[in-house]
Amino acid sequence: MTSKMGLGSVNCTSCGAGLSVLGGGRVETHVCGYCGAVLDAQDNYREIANIGKRNHPDSPVQIGQSLTLEGVEFTVIGTLGMVERYGGREWRWVEHQLFSPTHGYLWLNVEDGHLSYTRKIRDYNMSAWLSPATVERSETPPIRVYKTEQYRYYDTTVAEIDFMEGEFNWVPKLGEKTTSVNLLGPDAMLTLTKSKTEREVELTRLLPRAETARDLGFDEAALGPVGQAHPLAPYVPMPEERLLRRVLAGVAVVAAVLGMIFWFSGGRVILESPYLETATLPQIVEFEIDNTAQLAQLQFRTTFNNQWATFGTELRDPDGEVILTGERTVSFYSGRSGGESWSEGSRRSTIRFRPTQPGTYRASLVQVAASNPGSGTVSMRVSQGKPTGFWLIGLAVIAGLGWLAVTARSAAHKKRRFAGSDWND
């Protein structure tokens, strides 16, 4: 903490108390912290009003303390207690005016355990002014642009001054109200403020709590507990989050593509029986398998049209042991409607299995049920050496879920930033 008491002092013309002069030649008002006298700093500190002795708002920041913002040292010269009342509730915060001989005046804000600073901007396009009435008429949250950054509507506040002490570069009045439309950007809050006499545009940025407290000369604990997360709180990414997101997305896409290729790969055909009339079923087919390292596949292939049937099979290994029993329904319908052709279903269905040993396998082919029993033909195709895409599809799912989880962190942060918005669709 750096004290600026040596820059000068005056005596209050109302109570005679010594008052530090810290704010430079543009100070217009000095409010005595002892008796509440409002003094005209441009007219020999003549008393122009008196607000009386009032309770100091809850803030550890004191007049005379200093801190460095954007490489420039500023001194605390004044304190305003602010209050907003709505719907039977009230919100209070403190605004401290800061001064630098080279960079003018700023505001240090203390609210709900957070520290932020506000500066006026002069290069905003005032033709893009946003009033509360315009907000009310808007169907979507209004957006304004300042220096290529987009700012989305956050809330509207009507605040009034509830406490004054120290020096100010204008003449504040107790109970004076200002209406502010706040818009939230990537790392700052754009505020369009209207009082009785003027319109101003301000930009507010969040300050690191612990570091700023140390710079001011007090412990972070003096700020009290942090309340609701500040809308300007920065997103804290995981280490190498962007790289991680790209890697997960790449793995998910590659694994999914390879998995689908493997999944639809039929392997090497080792048997394709002739088409049999379903009326001749059941039938037994035999085939030789020599690849037990990969899956094999039975496929029922029909010539159906506008009918269905359920086929069953019992598969025995070279030792005569039953290793598989299963049923599959084949259904295919087609036609024309409104001058257009349509079809649904498939003329094929498959059963996959893992061979237990090389040798001769026997599979039965039975029609279990049908829409037109005995009608149509069916063939059985057997393939071996079919690669499985199961693990690749599983990897794609896991990588995809990981990508979603990482991406969701950022999306959830953006959603939380606007959690305190008063916009209601």
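Structure values in brief
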quantity: Among residues of region 317-364, those that are touching a residue at least 60 places away in the same chain (Cβ under 8 Å), part of a strand (DSSP E or B) and on the phi < 0 side of the Ramachandran plot, counted; calculated: 5
quantity: Single unsatisfied condition, LEU130 versus (1) within 27 Å of the chain's Cα centre (by Cα); (2) surrounded by fewer than 14 Cβ atoms within 10 Å (Cβ to Cβ); (3) outside any strand (DSSP E or B); calculated: (2)
quantity: Residue match in region 141-153 (condition: under 24 Å from ASP43 (Cα atoms), in the same structural domain as ASN55 (by TED's automatic domain parsing) and touching a residue at least 24 places away in the same chain (Cβ under 8 Å)); calculated: no
quantity: Failed item in (1) surrounded by 13 or more Cβ atoms within 10 Å (Cβ to Cβ); (2) free of Cβ contacts under 8 Å to residues at least 12 places away in the same chain, with PRO239 passing the rest; calculated: (1)
quantity: Residue within region 390-401 that is closer than 19 Å to MET238 by Cα and among the small types (Gly, Ala, Ser) present; calculated: yes
quantity: Any strands (runs of 3 or more DSSP E) falling wholly within region 259-316 and containing at least 1 residues that are of a type in the set (Val, Ile, Thr) and more than 18 Å from ARG348 (Cα to Cα); calculated: 283-289
quantity: Tally of residues being of a type in the set (Asp, Glu) and closer than 26 Å to GLY217 by Cβ across region 20-76; calculated: 3
quantity: Residue among VAL72, VAL10, VAL61 that is among the aliphatic types (A, V, I, L, M), closer than 30 Å to GLY224 by Cα, without any contact (Cβ under 8 Å) to a residue 60 or more places away in the chain and out of contact with any Asp or Glu (no Cβ under 8 Å at 6 or more places or on another chain); calculated: VAL72
quantity: Filtered residue count, region 372-386, keeping only those that are surrounded by 14 or more Cβ atoms within 10 Å (Cβ to Cβ) and either under 54 Å from the mean Cα position of the chain (by Cα) or of a type outside the set (S, T, N, Q) (or both); calculated: 9
quantity: Residues of region 162-197 that turn out to be of a type in the set (Lys, Arg) and not in a strand (DSSP E or B), as a count; calculated: 2
quantity: So ASP187, is it of a type in the set (D, E, K, R) and surrounded by 15 or more Cβ atoms within 10 Å (Cβ to Cβ); calculated: no
quantity: Wholly enclosed strands (runs of 3 or more DSSP E) of region 13-117 bearing at least 1 residues of a type in the set (Ser, Thr, Tyr) and loosely packed, with under 15 Cβ neighbours inside 10 Å; calculated: 66-69, 72-86
quantity: Close pairs from region 399-425: first free of Cβ contacts under 8 Å to residues at least 40 places away in the same chain, partner acidic (Asp, Glu) and loosely packed, with under 15 Cβ neighbours inside 10 Å, Cβ under 9 Å, at least 6 apart; calculated: ASP425/GLU139
quantity: Check on GLY374, at positive phi, not charged (D, E, K, R) and not in a strand (DSSP E or B); calculated: yes
quantity: Filter pass, VAL322 being farther than 28 Å from LEU258 by Cα, surrounded by fewer than 17 Cβ atoms within 10 Å (Cβ to Cβ) and β-branched (Val, Ile, Thr); calculated: yes
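The values are calculated or read from the model by the stated rules, or taken from the named source; none is laboratory data. Bear in mind the structure is a predicted one, so any value in this text is a computation, not a measurement. Note: ideal-geometry Cβ built from the backbone for every residue, glycine included; neighbour counts use all protein chains shown.
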